[in-house]
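Working notes, beginning with the structure itself.
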Amino acid sequence: MSEAATAETKKPKEQKNHPSGMTLDERFKLARSVGAECIQEEELRNLLDKHPSPSAYDGFEPSGRMHIAQGILKSINVNKLTKCGVKFIFWVADWFAMLNNKMGGDLKKIRKVGEYMVEVWKAAGMDLDNVEFRWASEEINKKPNEYWMLVMDIARSNSIARVKRCATIMGRGEGDEMPSAQILYPAMQCADIFFLRANICQLGMDQRKVNMLAREYLDKNKAARKKYRFKPIILSHPMLMGLKQGQVKMSKSDPNSAIFMEDDASAVKKKIRQAYCPPGETKENPILDYCKHIIFNRNGKMTIKVGAKEESTMKEYLSYEDMEQDYVAGTIHPGDLKVIFHYQKIIGKP
């Protein structure tokens, strides 16, 4: 039979239905919407196409109160990924919290805070059917040789200067004075990705440097590349702004700059009322930031009062961009924008 005849009789490969019931395009679009940045998009699409149930991970230090960036935004992102068929692994980084001197380095207190955070996520509406919580201390002690050999290999593959560039993952600058224990931290966090066999690193933009370190490690080390095969995909979610002017990131250290998951209705109302929200301006406007990443991200729409006080009407927006355009034009007043951020809108059921 000729090649032409073979080509004519050969049927195109049928794409198997995904357990989620979604097409590849739908799954890619939903997963991609989680990140302000994706390295690399083609790799993410290929992963979703070839692997019916890839894994994503996020590591968190149990370090005190949880604000809505950790509670609500994280729940939204996890639900999006698990809907696409992704298995999500939370790495409860208790040893990391000790290295970073959280809760005074007391592991018993760190454990208690970690348990609290898990319960908050459950209450925040996170779908836990395809979510797993693993404690770093327990998992590392099960396979200590594998883990510490990996940490040492990553450490010897990088200079101190390169590791110190990752200091921002601990909330510190490259030039800050650091105890030697915290030099270990980036190498350990990089090792976590491979130790967990994570396909996707789904952390915040503030963790970008160490996730890039993991990709660089496979470029430098042929044996590691052969073992782990594929570079981890980095899907970095945006950082929610603080409530005050100029705060590009919500901070636990300033209680008035953040909305915490245990804040009651009156506390939320007071904080939102005092929040920075310049009329007609979109740059570094935290209230618009919350509209985009919390309300539209979760509900896909928003209803708000528009127009002058005497002629105001309620308008439903189906896209953040349309709402932002009206805000810039002055159709929406900052006070009306803040009104929608009452307790139930942000945190949900108590």
Each residue of the range 90-106 in turn: what ³J(HN,Hα) in whole Hz from Karplus with 6.51, -1.76, 1.60 and θ = phi - 60°, glycine and Pro shown as x?
8, 9, 7, 8, 5, 5, 5, 4, 5, 4, 8, 6, 7, 6, x, x, 7
Can you compute the modelled spin-label distance between residue 24 and residue 229, with each label point 7 Å from Cα toward Cβ, in nm?
1.7 nm
Over the range 203-350, relative contact order from alpha-carbon pairs under 8 Å, at least 6 apart, %:
18 percent
With viscosity set to 0.890 mPa s at 25 °C, what whole-number translational diffusion coefficient in µm²/s follows for the range 179-273 from Stokes-Einstein and a Kirkwood radius over Cα pairs?
154 µm²/s
Pop a pseudo-label 7 angstrom from the Cα along the beta-carbon direction at both residue 336 and residue 127 and give the gap in nm to one decimal.
3.5 nm
Quick one: Kirkwood hydrodynamic radius for the range 103-256, alpha-carbon pairs, angstrom, one decimal?
17.5 Å
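To the nearest 500 deg cm²/dmol, what mean residue ellipticity at 222 nm is calculated for the chain from DSSP H runs of n ≥ 4 alone, each contributing -39,500 (n - 2.57), summed and divided by the residues?
-12500 deg cm²/dmol
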For an R0 of 25 angstrom, estimate the FRET efficiency from the Cβ-Cβ distance between residue 40 and residue 137 and round to the nearest 0.05.
0.15
Taking only the alpha-carbon positions of the range 27-97 and ignoring solvent, what does the Debye formula give for the base-10 log of I(q)/I(0) at q = 0.18 Å⁻¹?
-0.76
Could you work out the per residue convex hull volume over the alpha carbons of the chain, in cubic angstrom?
185 Å³
Given a Förster radius of 35 Å and the C-beta distance between residue 318 and residue 197 as r, what FRET efficiency does 1/(1 + (r/R0)^6) yield to the nearest 0.05?
0.35
Antiparallel bridge percentage (DSSP; both residues within the chain; nearest 5)
35 percent
Could you work out the pair-distance distribution P(r) of the range 193-350 from its alpha-carbon pairs, with 10 angstrom bin width and percents rounded to whole numbers?
10, 31, 26, 17, 11, 4, 1, 0
Provide, in order from the shortest bin, the percent of all Cα-Cα pairs of the range 104-173 in each 5 Å bin, continuing until the bin that contains the maximum pair distance.
3, 11, 13, 15, 19, 20, 12, 6, 1
How large is the Rg to Rh ratio of the range 287-340 when both quantities use alpha carbon positions and Rh follows Kirkwood?
0.93
Sorted by chain and then number, the residues having a modelled amide H within less than 5 Å of the amide H of residue 249, at least 5 places away or on another chain, are 242
Tail weight of P(r) past 20 Å, computed on alpha-carbon pairs of the range 62-164, percent
51 percent
When ligands, DNA and RNA are left out and all protein chains stay put, how many square angstrom of accessible area per residue does the range 225-280 have with a 1.4 Å probe?
53 Å²
Counting only Cα atoms, I'd like the Rg/Rh figure for the range 58-119, Kirkwood definition for Rh.
1.03
Which parts of the range 42-73 would a label at residue 264 reach, counting a residue when its backbone N lies under 18 Å from a point 7 Å out along Cα-to-Cβ?
none
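Could you work out the relative contact order of the chain, using alpha carbon pairs under 8 angstrom and six or more residues apart, expressed as a whole percent?
That works out to 16 percent.
The values are calculated or read from the model by the stated rules, or taken from the named source; none is laboratory data. Keep in mind the model is a prediction, meaning the values are calculated, not measured. Reconstructed Cβ throughout: ideal geometry from the backbone, glycine too, with neighbour counts over all protein chains shown. With ligands, DNA and RNA removed, areas are computed over all heavy atoms of the protein, side chains included. Shrake-Rupley method; radii C 1.70, N 1.55, O 1.52, S 1.80 Å.
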